[in-house]
Amino acid sequence: MDSASDGLGIRGAGASSQADFGEPINEADLLFGVKREPMANRNVFQVAHDVFDNWFEVVEVGKKPDPSFDKAVQKVLSVLNAKSVFTQAAVFERLFGWSIIVLGFVDHGKSLKDPVKHPQEVQDLAVYSPLSFNVQTNDEDKDPDSPRFGLPVFYTLNRGVGASQVKVFAYLDHAHEKRMRVYRTDACFSCGFFLTKCTRYKRGRMVWRWEHAEVVEEMKLRMRLEPWKLEARKTLVEHPFGTVKRAFNQGYLLLKGLRKTAGEVGFTMLAYNMRRVLNILGPKAILALLV
């Protein structure tokens, strides 16, 4: 401590570079402190390495999985240095709260905004901490109707001393996108926890909720208050499958592949529904409706 100014000198030499007591510390300060404090070092660096030191095995799903599948996948991951990248990403997540992993591949797209349609070859895999990238104000999504409203569209990367900055597109998987609602308030800027305990995002705390989150929460509440209905539903749903297997002799599929089997099951369920209509209404009532 500096007795003259009550400052904590962790930002380098000189009084101007020291943080006053109670002043929020930045990412560089966090990295400096964690490297030198034993317990923080253990929680950030060593835990992240412990998670990925065991690594993982990739198993092909199927009746006769290929035993060499994992070996082929691990070879590609090794070329991309994936273990080191994922470990470093875990370190950044534990230290700064977030990080980004950049995947570089050949797509032959006309621009960065074009959706990824036919990726040809993965060429690079790299991780960046908040110290190595920034988001320009004009690179954020300003469309309130967009599922990524308030999120970055582009990240500007700093790839080292003497290297030019690179702008990368934050790709959104449109096959699984959800329309989100963003909640934010200007009260963040007058809050005592701003840039310290709550969030270090300079624009304040932002909360994203799915537009139908209330429906999901209502269903969870009903399941918790009326568990017997859930048990009854589990037993009732077994009857149609039992009828299909026994009466229609559909205990197995003749085709292979998701698209083909989906069509086969669809025809089976169509026949099941037609049989139920005949049993409930009867042939005469159906003919009267058709005429």
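The values are calculated or read from the model by the stated rules, or taken from the named source; none is laboratory data. Since the structure is predicted, the reported quantities are computational estimates derived from the model, not experimental observations. For neighbour counting, all protein chains shown are included, and Cβ atoms are generated from backbone atoms with ideal geometry for every residue, glycine included.
Kindly list, by first and then second residue, each pair from a residue in the range 80-100 that is in a loop (DSSP other than H, G, I, E, B) to a residue that is of a type in the set (Gly, Ala, Ser), limited to pairs with Cβ atoms under 6 Å and residues at least 6 apart or on different chains.
Pairs found: SER99/ALA89; SER99/SER129.
Does any residue in the range 241-267 that is over 16 Å from GLY62 (Cα atoms) come within less than 8 Å, Cβ to Cβ, of a residue that is exposed (fewer than 10 other Cβ atoms within 10 Å of the Cβ) and at pLDDT 85 or above six or more places away or on a different chain, and which pairs are these?
Pairs found: GLU264/LEU254.
List, please: which pairs have Cβ atoms under 6 Å, are six or more places apart or on different chains, and start with a residue in the range 26-43 that is closer than 13 Å to PHE96 by Cα and end with one that is among the small types (Gly, Ala, Ser) and at pLDDT 80 or above?
Between residues of the range 26-43 that are closer than 13 Å to PHE96 by Cα and residues that are among the small types (Gly, Ala, Ser) and at pLDDT 80 or above, the close pairs are VAL34/ALA40.
Determine, yes or no, whether LYS202 is assigned to a loop (DSSP other than H, G, I, E, B) and either modelled with pLDDT under 80 or not polar (S, T, N, Q) (or both).
Answer is yes for this residue.
Consider LEU80 carefully, then state whether it is more than 20 Å from the chain's Cα centre (by Cα) and modelled with pLDDT of 85 or more.
Yes.
Tell me yes or no: at least one residue of the range 131-138 is under 27 Å from ASN26 (Cβ atoms), over 20 Å from the mean Cα position of the chain (by Cα), at pLDDT 70 or above and surrounded by fewer than 12 Cβ atoms within 10 Å (Cβ to Cβ).
yes
Does THR196 meet the test of being surrounded by 13 or more Cβ atoms within 10 Å (Cβ to Cβ), modelled with pLDDT under 75 and under 24 Å from ASN26 (Cα atoms)?
For THR196, the condition - surrounded by 13 or more Cβ atoms within 10 Å (Cβ to Cβ), modelled with pLDDT under 75 and under 24 Å from ASN26 (Cα atoms) - is met.
Residue by residue through the range 142-162, note down the ones that are at pLDDT 70 or above and either farther than 24 Å from TRP210 by Cα or part of a strand (DSSP E or B) (or both).
Listed by number, the residues that qualify are PRO152, PHE154, TYR155, THR156, LEU157, ASN158.
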